[in-house]
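Asks: The structure that follows is given in the form of C-alpha cells.
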Amino acid sequence: MKQDIHPKSYRLVVFKDMSNGTAFLSRSTAHSKETIAWEDGNEYPLIKLEISSTSHPFYTGKNMLVDTAGRIDKFRKKYAKK
C-alpha cells in the first residue's frame, strides 16, 4: 500500500438525509459552510445528502420513488413522443 496518500484532516461532520430527515455523525474531509447543533450540544459542519442508506430502496426493502429536483419530469419531457 502506498504511504501518505490519505488525507490527515479528518473531522467530525453531520450528514443529513434531506429526503427523510435522518442525520448521523461521522468523520469526513468534506467541507461545508453550514453547521448544525448535534445531540451532544456541540456544533458540527453539516453535509446535506439527497439519499442515504436510510432512504435508499435497496437498503430499506421498500419500493419508493425519490424524485429530487424534478428529474423524472425532466426525463419524461425530454423523451416524450411528440
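The values are calculated or read from the model by the stated rules, or taken from the named source; none is laboratory data. Note that this is a predicted model, so its numbers are computed, not measured. Don't worry about glycine lacking a Cβ; one is built from the backbone with ideal geometry, like all the others, and counts go over all protein chains shown.
Asks: So, of the residues in region 22-44 that are in a strand (DSSP E or B) and over 21 Å from P7 (Cβ atoms), which turns out to be nearest to the chain's Cα centre (by Cα)?
Replies: If we take residues in region 22-44 being in a strand (DSSP E or B) and over 21 Å from P7 (Cβ atoms), then A23 is nearest to the chain's Cα centre (by Cα).
Asks: Kindly establish whether S19 is part of a loop (DSSP other than H, G, I, E, B), surrounded by 11 or more Cβ atoms within 10 Å (Cβ to Cβ) and out of contact with any Leu (no Cβ under 9 Å at 6 or more places or on another chain).
Replies: no
Asks: OK, next. Which ones in region 1-16 are among the β-branched types (V, I, T) and exposed (fewer than 11 other Cβ atoms within 10 Å of the Cβ)?
Replies: Correct list: I5 only.
Asks: Kindly indicate the residue of region 1-16 that is basic (K, R) and assigned to a loop (DSSP other than H, G, I, E, B) and also nearest to G70 (Cα to Cα) among those meeting that condition.
Replies: In this case the residue turns out to be K8.
Asks: Can you report the number of residues in region 36-58 which are surrounded by fewer than 14 Cβ atoms within 10 Å (Cβ to Cβ), modelled with pLDDT of 90 or more and within 28 Å of R71 (Cα to Cα)?
Replies: 1
Asks: I need every pair where a residue in region 62-82 that is at pLDDT below 80 has its Cβ under 6 Å from the Cβ of a residue that is surrounded by 10 or more Cβ atoms within 10 Å (Cβ to Cβ) and part of a loop (DSSP other than H, G, I, E, B), sequence separation at least 6 or different chains.
Replies: So the pair list comes out as V66/S19; V66/I51; T68/E50.
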